[in-house]
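Novice: Before I ask anything, let me first share the structure, which is written out below as structure tokens.
Since every read-out is calculated from the coordinates, none of them should be taken as a lab result. Everything numeric here is computed off the predicted structure, so don't read it as measured data. Every residue, glycine as well, gets a Cβ built from its backbone with ideal geometry; the counts of neighbours run over all protein chains shown.
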Amino acid sequence: MTVSRRIFTRGAILAPAALAGPALLRVGDAGEAAAAGPVEAPQAQTPQVQRRRVGEIEVIALMDGALQRPTGMLLGYDETAASAAATLAHRRHDPAALTLGINGYVIRTGDRVIAVDTGSPAGLAPTLGRWHAALAAAGLAADRVDTVVLTHPHPDHVGGMTDPRSGMARLARAQVIASAVDWAFTFDAAVYAASPREVQVGFDISRAMIAPYDAAKTLIAPGAEVAPGLTTVAMPGHTPGHMGLRVDSGRESLLIWGDLLIAPAYQFAHPDWAFALDADKAAAAATRARVLDMAAADRIMVAGMHLDFPGFGHVERARQGYGFVAAPWDYRA
């Protein structure tokens, strides 16, 4: 199955009309707004936060929000199979749209405060851009964050890093740790020139969000240790240098797997279904199958940026592919 330009333009996370050019955010044209009439802003929920312990390390899930994208962005999608997968997973099924949650995580270990991705710019959708509100609800000021670990630099993972209007860093004390391969890919002029305009807009957003941290970046290869007990893990495919972060403390472990899965209602059951924005769809599917098999075999807790909030849970083998069991409440946190 191919993704048509119409579907991509209508649904791609990276290319909403509201985000374009160096300023990133543009207030809609007054004439258009007047013609359309007043629009009632969606009612935001209370900022969502959940804490867990992994041994002596605290991991805090922060909800940035959610958005919808067409089911046509899942390559391999079959309506009958999708409906059956959603039923088995006890999930709501919409034949027309995928509901994608967006999470970030903050790790507190010793005196360190380490963010793992920072959510989405608010301009991507009115239901997004709440990472900073969630951070504050967790009792943390932005200047407490000393490190940002990027699983990859797509816009919905770097949105809390920079003020899109001023271009100033919002995490002024943070050192950024990113994949050297992904950083080079994001700023590669040849890759940019060969991409459709919709994807170029995504590169524009990502570049603007991470550029203020250029002097405060450390580029790594997966396998590098970020802090004691925190190790990056290679998970290529969604982006060339996409990586997860493994947290180990005492006898407990957690694997934060970034965008290993985009649509959990369907991709647990069908890990071969790729997403339109996977840079290398075959590699992404192979990585997904490998990591799901490892997580199920090793019984390691996982968390992900597009799993239903808070995203903590366990992978199990199922009649069709894999299933996901949400982790119980952690009363130690």
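Novice: Looking only at residues in segment 164-199 that are more than 21 Å from Pro236 (Cα to Cα) and among the polar types (S, T, N, Q), which one is surrounded by the most Cβ atoms within 10 Å (Cβ to Cβ)?
Specialist: Gln175
Novice: Could I ask something else about it? Does Leu254 satisfy being in contact with a strand residue (DSSP E or B) (Cβ under 8 Å, 6 or more places away or on another chain) and either assigned to a helix (DSSP H, G or I) or within 23 Å of Thr99 (Cα to Cα) (or both)?
Specialist: In short, no.
Novice: Go through Leu128, Leu75, Leu98 for me and flag whichever is of a type outside the set (Val, Ile, Thr), more than 21 Å from Leu255 (Cα to Cα) and within 13 Å of the chain's Cα centre (by Cα).
Specialist: Numbers: Leu75 fails: within 13 Å of the chain's Cα centre (by Cα); Leu98 fails: within 13 Å of the chain's Cα centre (by Cα).
None of the other options fit; the residue is Leu128.
Novice: Checking Asp259 against (1) closer than 27 Å to Glu58 by Cβ; (2) touching a helix residue (DSSP H, G or I) at 6+ places or on another chain (Cβ under 6 Å); (3) of a type in the set (D, E, K, R), which single condition isn't satisfied?
Specialist: Here Asp259 meets the rest and fails (2).
Novice: Turning to a different aspect of this structure: Any residue in segment 206-223 that is surrounded by 17 or more Cβ atoms within 10 Å (Cβ to Cβ) sitting within a Cβ distance under 9 Å of a residue that is β-branched (Val, Ile, Thr) and assigned to a loop (DSSP other than H, G, I, E, B)? List the pairs, counting only those 6 or more apart or interchain.
Specialist: Met209/Thr118
Novice: Scan segment 222-241 residue by residue and report those that are in contact with a helix residue (DSSP H, G or I) (Cβ under 6 Å, 6 or more places away or on another chain) and hydrophobic (A, V, I, L, M, F, W, C).
Specialist: Met235 - this is the single residue of segment 222-241 that is in contact with a helix residue (DSSP H, G or I) (Cβ under 6 Å, 6 or more places away or on another chain) and hydrophobic (A, V, I, L, M, F, W, C).
Novice: Same structure again: Go over the candidates Ala279, Ala289 one by one and state the one that is surrounded by fewer than 23 Cβ atoms within 10 Å (Cβ to Cβ), of a type in the set (A, V, I, L, M) and without any contact (Cβ under 8 Å) to a residue 24 or more places away in the chain.
Specialist: On the way: Ala279 fails: without any contact (Cβ under 8 Å) to a residue 24 or more places away in the chain.
Just one listed residue meets the conditions, Ala289.
Novice: On to the next question. It is to be established whether one or more residues within segment 312-333 are buried (at least 24 other Cβ atoms within 10 Å of the Cβ) and among the small types (Gly, Ala, Ser).
Specialist: Within segment 312-333, none of the residues are buried (at least 24 other Cβ atoms within 10 Å of the Cβ) and among the small types (Gly, Ala, Ser).
Matching residues to (1) of a type in the set (Asp, Glu); (2) touching a helix residue (DSSP H, G or I) at 6+ places or on another chain (Cβ under 7 Å):
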{"site": "Asp156", "(1), (2)": "yes, yes"}
{"site": "Gly160", "(1), (2)": "no, yes"}
{"site": "Asp163", "(1), (2)": "yes, no"}
{"site": "Ala169", "(1), (2)": "no, yes"}
{"site": "Ala172", "(1), (2)": "no, yes"}
{"site": "Ala180", "(1), (2)": "no, no"}
{"site": "Ala184", "(1), (2)": "no, no"}
{"site": "Arg197", "(1), (2)": "no, no"}
{"site": "Ala211", "(1), (2)": "no, no"}
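Novice: Any idea which of Thr127, Thr118 is in contact (Cβ under 8 Å) with a residue 60 or more places away in the chain and among the β-branched types (Val, Ile, Thr)?
Specialist: Testing whether each residue is in contact (Cβ under 8 Å) with a residue 60 or more places away in the chain and among the β-branched types (Val, Ile, Thr) leaves just Thr127.
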